[in-house]
Amino acid sequence: MVRVVFGVLGPTVAAGDSGGALALKGPRHRAVLARLIVARRRVVPVARLVEDLWADPPPGAVGAVQTFVAALRRVLEPERPPRAPARLLVTDGPGYALRTEPDTVDAWRFETALATAAGLPAQQALATLEEALGWWRGPAYAEFADEDWSRGERARLAELRLQAVERRAEAHLALGRPADAIPDLDAHLTEHPWREDAWRLLALALYRQHRQGDALAVLRRAREVLTNQLGLDPGPRLRHLQSDILTQTPTLDLHPDTDLPPNTPRPPHPPRGARNRALGSNEPAPNTPAHPHPPRGARNRAPSPIPPEPNTPPPPTTPPPADLWTRAAKTYNRTVAKGTRARLESTVGLIRNLAVTGGEGLAEARHHRTAAITAAEEFADPELTARVIGAYDVPAIWTRADDPSAAEHIVAVAERTLAALPTGPHDTARCRLLATIALETRGAPGPRGPEAAREAEALARRLDDPALLAFALNGRFMQSFTRAGLAPQRDAIGAELVELAVRHGLVTYEILGHLIRLQARAALADFAAADTHAATADRLAERHELPLVGVFTEWYGALRLSATGEPARAEAACRAAAARLDGAGMPGLERGLLPLALLCLRLTHGLPPDPDPRADWGPHRPWAEPFTLIAEGRHTEARTALRALPEPPHDLLHEAYCALEAEAALRLDDRTVLERARTRLRPAAAELAGAGSGLLTLGPVERYLTD
């Protein structure tokens, strides 16, 4: 019988004794094989295979699975006589099992090697780990990363691989080879910066290379990374290592032990004083007096503070506010185990608060949010993943994603989590997931975003949860741009948000409601009401230290100047608002906004458009391109660019883009495009074009319809 070996540490493969790859045919065949390997010799019922292979099983799915299994058997046991029972991929009761030996699957061999290495001397452990790590060809079950059935196994194997990399570094250090450990640890930490033990090993390796300054710099970097990503101080092992390095504790040096083979060369150690002087440490140079440390007993016998006078109240024990965070974080770090679900959920709460602190905080929160969701999914616990995703209920006003790829990833995880949540009392989690989908699909075509928004709102109203309803209404707002002319609908959403938030103390959603109403009333040319909402939003933002609100109210001020006939002041206000936007952490809003606003301002007031072709127009370039070409006298190319314009995105700039399209078509006398623009703009006949963005305007829509 031909012996078959299987590889899942990367794409799923099978090979015969000679090492030649076996032809596994299509992706469904490989999926069946991988699913059976995940089951570890246990039976997988046919019904379960059908569920795992198809989100919506087609008619005849069971027969298709049987066909896949038959094809796999022909490949895995080519010499099996007709009608003879299979010995490898067997039928057992209601399903199938892969009865292969433990040493024939690379993932199973890897686990065995890792466990074996733990009990070996350093030299043998290093060889074992090197060989085992060499079996990895990519992420485990690489082509099935999005499948629910592979998620838990992939997460477990990924964690074992990280442990193997760190154990290999420990073996290098035990053998007196710190230089061999450093490059691997550097690369390891670039991909996995939360691994505290890797930071410890890297610092120790640098110290043993007589690079005390670099070792301390690594520990400082570890503190910065862990604080920024998790809001926590380093654990006790890292703190103790830093203290030991500063005091040059002898236990940090390599000592002879049985792990070292005979005649292993050891790096010479220079005198400690010489080493520290070379690194520019704080150790005093020769002839520089230093304060000696008193004997321990003498230090303990230091005089105590003067006792207070009778009837004098004791000094306050409450730390000042600036210290409360530090002390609480240190206590949390000490008492809550690393890598736990509790830490992960606490981190998301911190990230949520970070998102409203300003530009750098928002950018960091966006990055760490994605990492937290990925980490949650690795637990293979859909309820945990739902809580981690749903906890980030940060109010959103701008309808274009700052990081589209991250938004796409979050939506994909949310959809998988929705499908994986067990039936039962999980409506709150489902509502938050649906609201997240509605928010993260902002501006995207297709029915899923509006559908998720409707479902989330209905669930929130049934659950009678004010915070949940506010989150769902934010999702509904994001999906209220399916056509032009919906400012009144958005005004109603904003009004409900304000009323709900005031009644239940939801300050950030109260501000969101005022900003939504500011936009809607500006679109309807009701500047008295818009001014009131802007002033209220500013007042609340100042009281609650929410600096990003001012970005939107300042741009509204520029819009108002343009709409009320003050183009010169409006241009200066646009430039000032753009300067404030710089570094606000909102690339989805920032890129190209200033040149777009200036183009709209000049068109509104009958000034030469004068678009700068070298400007960074960001996502707005297609709608500026016809004006750039017209200004250069290239009318044929301008007409081609106009005809090639995409469908205006369904977001806050929808009417502005439609008006730009109409204006360019007027200048080029293109009747086809004029009719298309008129159809799009007609529902917004009572609005100011673009003013619903709260940022810019091109004047009354009625003017474009009349023209």
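The values are calculated or read from the model by the stated rules, or taken from the named source; none is laboratory data. Everything numeric in this text was worked out from a predicted model, so none of it was measured. Cβ coordinates were reconstructed from backbone atoms using ideal geometry, including for glycine residues, and neighbour counts include every protein chain displayed. SASA here: full protein model, heavy atoms, side chains in, ligands and nucleic acids out. Shrake-Rupley method; radii C 1.70, N 1.55, O 1.52, S 1.80 Å.
For region 89-97, 3J(HN,Hα) computed residue by residue from phi via the Karplus equation (6.51, -1.76, 1.60; θ = phi - 60°) reads 9, 9, 8, 9, x, x, x, 10, 9 Hz, glycine and proline entered as x. Each Lys and Arg Cβ is given +1 and each Asp and Glu Cβ -1; about its Cα centre, region 421-541 then shows a dipole of about 260 debye. Answer with one residue from 530, 485, 504: the one whose Cα lies farthest towards the positive end of the charge dipole of region 437-546, charges on Cβ with Lys, Arg +1 and Asp, Glu -1. Ranked along the dipole, the leading option is 485. Projecting label points 7 angstrom from Cα along Cα→Cβ for residue 28 and residue 130 puts them 4.6 nm apart. Relative contact order for region 125-179: 48 percent, from Cα pairs under 8 Å spaced at least 6 residues apart, divided by residue count. Along the Cα-to-C-beta direction of residue 84, a point sits 7 Å from the Cα; which residues of region 1-45 have their amide N less than 14 Å from that point? Zone members listed by number: 1-3.
With each label modelled as a point 7 angstrom along the Cα→C-beta vector, the residue 180-residue 463 pair spans 5.5 nm.
Here the extension length gained between residue 499 and residue 237 equals 89.2 nm, from 0.36 nm per residue of separation less the Cα-Cα distance. What the phi angles of region 132-149 give under the Karplus curve with 6.51, -1.76 and 1.60, with θ = phi - 60°, is a coupling list of 5, 5, x, 6, 7, 10, x, x, 4, 6, 4, 7, 10, 4, 8, 8, 4, 5 Hz, glycine and proline written as x. Treating each Cα of region 21-68 as an identical point scatterer and ignoring solvent, apply the Debye formula and state log10 I(q)/I(0) at q = 0.22, 0.29 Å⁻¹. Here the Debye-derived log intensity ratios amount to -0.79, -1.21. Placing +1 on the Cβ of every Lys and Arg and -1 on the Cβ of every Asp and Glu, with no other charges, gives region 580-707 a dipole of roughly 160 debye about its Cα centre. Three semi-axes describe the equivalent ellipsoid of region 522-636; taken as square roots of 5 times the Cα gyration tensor eigenvalues and ordered largest first, they are 29, 17, 10 Å.
Each label point was placed 7 Å from the Cα along the Cα-to-Cβ direction; for residue 341 and residue 228 their separation is 3.1 nm. Full extension of the chain segment joining residue 162 with residue 543 gains 132.6 nm, where the gain is 0.36 nm per residue of separation less the Cα-Cα distance. For the set 243, 480, solvent exposure ranked by accessible area (probe 1.4 Å, protein chains only) runs largest to smallest as 243, 480. At a probe radius of 1.4 angstrom, the accessible area of region 562-702 per residue rounds to 41 square angstrom. Using a probe of 1.4 Å, the accessible surface attributed to residue 590 totals some 60 Å² when neighbouring protein chains are kept in position. Summing +1 for each Lys or Arg and -1 for each Asp or Glu, what net charge is found among the other residues whose Cβ lies under 12 Å from the Cβ of residue 486? Value of the local net charge: -1.
Full extension of the chain segment joining residue 669 with residue 647 gains 5.9 nm, where the gain is 0.36 nm per residue of separation less the Cα-Cα distance. Around the amide H of residue 95, modelled in the peptide plane, lie the amide H atoms of 46, all under 5 Å away and 5 or more residues distant in sequence or on another chain. Using the Cβ-Cβ distance between residue 489 and residue 146 with R0 set to 45 Å, the FRET efficiency works out to roughly 0.80. Plainly put, region 364-425 has a radius of gyration that is 0.98 times its Kirkwood radius, both from alpha-carbon atoms, as the Rg/Rh ratio. Secondary-structure-derived ellipticity at 222 nm for the chain, considering helices only, amounts to -19000 deg cm²/dmol, per-run term -39500 (n - 2.57) for DSSP H runs with n ≥ 4. Taking all protein chains as shown and a probe of 1.4 angstrom, residue 143 keeps an accessible surface of around 80 Å².
Annotation: amide H of residue 699 within the under-5 Å range of 689, sequence separation 5 or more or interchain, hydrogens built in the peptide plane. Can you compute the FRET efficiency between residue 529 and residue 448 using 1/(1 + (r/R0)^6), with r the Cβ-Cβ distance and R0 = 41 Å? Round to the nearest 0.05. Using R0 = 41 Å, I get an efficiency of 0.75.
When its C-alpha radius of gyration is set against 2.2 N^0.38 Å (N residues), region 397-525 gives a value of 1.04. Dipole orientation for the chain: of the candidates 127, 568, 619, 127 has the Cα lying most toward the positive pole (charges on Cβ; Lys, Arg +1; Asp, Glu -1). Relative contact order for the chain: 8 percent, from Cα pairs under 8 Å spaced at least 6 residues apart, divided by residue count. Overall, the accessible surface of region 448-584 at a probe of 1.4 angstrom is composed of carbon and sulfur to the extent of 52 percent. A simple charge model with +1 on the Cβ of Lys and Arg, -1 on the Cβ of Asp and Glu and nothing else charged puts the dipole of the chain at about 1560 debye relative to its Cα centre. For the chain, the spread of Cα positions along the three principal axes, ordered from largest to smallest, is 98, 93, 59 Å. Rounded to whole numbers, the Karplus 3J(HN,Hα) couplings from phi for region 627-640 are 5, 4, 5, 4, 4, 8, x, 9, 5, 5, 5, 5, 5, 4 Hz, using 6.51 cos²θ - 1.76 cosθ + 1.60 with θ = phi - 60°, and x at Gly and Pro.
Per residue, region 436-550 exposes 39 Å² of accessible surface when a 1.4 Å probe is rolled over the protein heavy atoms with every protein chain present.
For residue 116, the accessible area of its heavy atoms, probed at 1.4 Å with every protein chain present, is near 70 square angstrom.
For residue 12, the amide hydrogen comes within under 5 Å of the amide hydrogens of 142, 143, counting only partners 5 or more places away or on other chains and with H modelled in the peptide plane.
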